[in-house]
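Peer 1: Have a look at the structure that comes next, please.
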Amino acid sequence: MAQIKTIGVLTSGGDAPGMNAAVRAVTRTAIYNGFRVMGIKRGYYGLVFNEIEEFTSKSVSNIIQQGGTILKTARCKEFTTPEGRKAAYENMKAAGIDALVVIGGDGSLSGARIFAEEYDIPIVGLPGTIDNDLGGTDRTIGYDTALNTIVEAVDKIRDTATSHERLFFVEVMGHMAGYLALNSAIASGAEAAIIPEMETEIDQLADLINRGFRKSKSSAIVLVAENPETGGAMGLAQRIKEEFPEYDARVTILGHLQRGGSPTAADRILASRMGAQAITALGEGQRNVMIGIKNGELIYVPFSKATCHSRTIDHEGIDIVKMLSI
Ligand code: ATP
C-alpha cells in the first residue's frame, strides 16, 4: 500500500451540529501527525467539480462551537454515477489526495464504500447525522444536540397544550429511525411516541386517549417521527379528528429547526474523539471503516455494517414512555 501523505476531508448529506468540531479534529490531528490536509467543499460535489483547497490549522479556527459545516454540504447526483465518480477520482489524484475522511450519514457512507471499492482508496467515515440511524455505533455526531433542541421546543409547546387543554402532535425528523422521537418523548415527559419501528400507531393512539388524556390529563403531547407514507403528524391528527372529534388536536412540525444550533458539549467531545481517531485509523492502515462508539470506546465499523439498517429500537424506552405517562 502506498504511503498516505495527503488526506482530504468532506461533509456530505444533511448537516449535523458537531460536523465542524469533526472537521477541526480531523484537520488538526492530521497536521499534528505530519499529513497535508485538503478541504473538499460541498461534499462529493466538490470532488466531482474540483472545489478543493488546502487546509491549515487556522482554516478550522473558532469553529468548534458553530452548527452547520464550514465545508458546506450537498447532495450530489453526479457522484452516484460511474462517470461522476471517475471525475471525482481524477480530481482527487490531481490534488494529491491519497485518502479521504467522509463525514455524513447513511447515503454518504454508502457512496464512500462504493468509491473505495471501485478505486482502491483508503476511506474512513465519521457518523455525522442527527438521526442516530447508523449501524455499529451507539451515537452519531449531532444526535445529542438535536435531541436537546427538540426537548426545549416541546417544553414550550407544553405550556400552550396545558393552558388550552389540547392534544399536540409534534413531528420530528427520523423517518427511518425513531431515536429522536422516542428519546425526546422520554426527556420531555410526552404521553406517547409514534416511531417507524412500531406499526401499531392507531392502536397506540387509542390507548393513549383512553388511558390518560380522556380520564385525567389536561394536555397531551405525542412525539411523531416524520413519515412520508402515513403523512406523519398531520396524518395522525387527521385520523384523530375523524375518530375522536371531541379533541382539539394540533400539529407542530419542528422541521429544520432540529438540525442547526451550537453543538452540545457531548457532541463536540464525540466529534473531536472520532475525528482524531479517523487519522489514527488511516495511519494504522485501516480503510473502509466508520469510526463508531460502543460503551464509551471508539471502534471500527465496516461500511457495510454501518449502512445496513440493522439497528432496532430499544423496547425499554417504549415501556418507559408508557409507564411514566399515566
Ligand atoms: P442524512 O442522514 O442527513 O440524510 P446522508 O449521508 O444519508 O445524510 P444522502 O443524501 O442519502 O445523505 O447522501 C449524500 C450523498 O451521498 C448523495 O447526494 C450522493 O452524492 C452520495 N450517495 C448516496 N448514496 C450513494 C450511492 N449509492 N452511490 C454513490 N453515492 C451515493
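The values are calculated or read from the model by the stated rules, or taken from the named source; none is laboratory data. Being a predicted model, the structure only gives us computed values, none of them experimental. Cβ placement follows ideal geometry from the backbone for every residue including glycine, while neighbour counts extend to all protein chains displayed.
Peer 1: Out of everything in region 225-243 that is among the hydrophobic types (A, V, I, L, M, F, W, C), in a helix (DSSP H, G or I) and modelled with pLDDT of 90 or more, what residue ends up being farthest from S184 (Cα to Cα)? Walk me through it before giving the result.
Peer 2: Step one: of region 225-243, the residues among the hydrophobic types (A, V, I, L, M, F, W, C) are 225, 233-234, 236-237, 240.
Checking which are in a helix (DSSP H, G or I) leaves us with 233-234, 236-237, 240.
Imposing the further condition that a residue be modelled with pLDDT of 90 or more reduces the set to 233-234.
Working: A233: 15, M234: 19 Å.
Once the filter is applied, the top-ranked residue is M234.
Peer 1: Pairs, please: C-beta under 8 Å, at least 6 apart or cross-chain, first residue over 16 Å from G39 (Cα atoms) and in region 53-76, second within 16 Å of the ligand (Cβ to nearest atom) and of a type in the set (D, E)?
Peer 2: Cβ pairs passing all conditions: G67/D15.
Peer 1: Scan G14, G34 and give me the residue that is away from the ligand (no atom under 16 Å from the Cβ), surrounded by fewer than 24 Cβ atoms within 10 Å (Cβ to Cβ) and outside any strand (DSSP E or B). Quick ask: steps written out before the conclusion?
Peer 2: Values: G14 fails: away from the ligand (no atom under 16 Å from the Cβ).
Answer to the selection: G34.
Peer 1: On to the next question. Can you pull out the residues in region 69-89 that are surrounded by 14 or more Cβ atoms within 10 Å (Cβ to Cβ), farther than 16 Å from G275 by Cα and either away from the ligand (no atom under 11 Å from the Cβ) or modelled with pLDDT under 95 (or both)? Walk me through it before giving the result.
Peer 2: Going residue by residue through region 69-89, those that are surrounded by 14 or more Cβ atoms within 10 Å (Cβ to Cβ) are 69-76, 78-80, 84-85, 87-89.
Within this subset, residues satisfying the condition of being farther than 16 Å from G275 by Cα are 72-76, 78-80, 84-85, 87-89.
K72, A74, R75, A87, Y89, listed by residue number.
Peer 1: Sticking with this one: For region 90-110, which positions are surrounded by fewer than 24 Cβ atoms within 10 Å (Cβ to Cβ) and in a loop (DSSP other than H, G, I, E, B)?
Peer 2: A95, G96, I97, D98
Peer 1: Residues A95, A87: which one is within 17 Å of L282 (Cβ to Cβ) and either assigned by TED's automatic domain parsing to the domain that holds E284 or over 20 Å from the mean Cα position of the chain (by Cα) (or both)?
Peer 2: Working: A87 fails: within 17 Å of L282 (Cβ to Cβ).
None of the other options fit; the residue is A95.
Peer 1: Going through I157, I121, I150, I130 one at a time, which residue ends up being part of a helix (DSSP H, G or I), of a type in the set (A, V, I, L, M, F, W, C), modelled with pLDDT of 95 or more and touching a Phe, Trp or Tyr at 6+ places or on another chain (Cβ under 9 Å)?
Peer 2: Working: I121 fails: part of a helix (DSSP H, G or I); I150 fails: touching a Phe, Trp or Tyr at 6+ places or on another chain (Cβ under 9 Å); I130 fails: part of a helix (DSSP H, G or I).
On inspection, the qualifying residue turns out to be I157.
Peer 1: Within region 37-61, how many residues turn out to be in a strand (DSSP E or B) and within 15 Å of the ligand (Cβ to nearest atom)? Break it down stepwise before answering.
Peer 2: Initially, region 37-61 is screened for residues in a strand (DSSP E or B), giving 37-40, 52-55.
Right, trim to within 15 Å of the ligand (Cβ to nearest atom) and you get 40.
Count: 1.
Peer 1: Give all pairs with beta carbons closer than 7 Å in which a residue from region 161-184 that is at positive phi meets a residue that is hydrophobic (A, V, I, L, M, F, W, C) and not in a strand (DSSP E or B); count only pairs at least 6 apart in sequence or on separate chains.
Peer 2: That search, which allows pairs on different chains as well, returns G174/L180; G174/A181.
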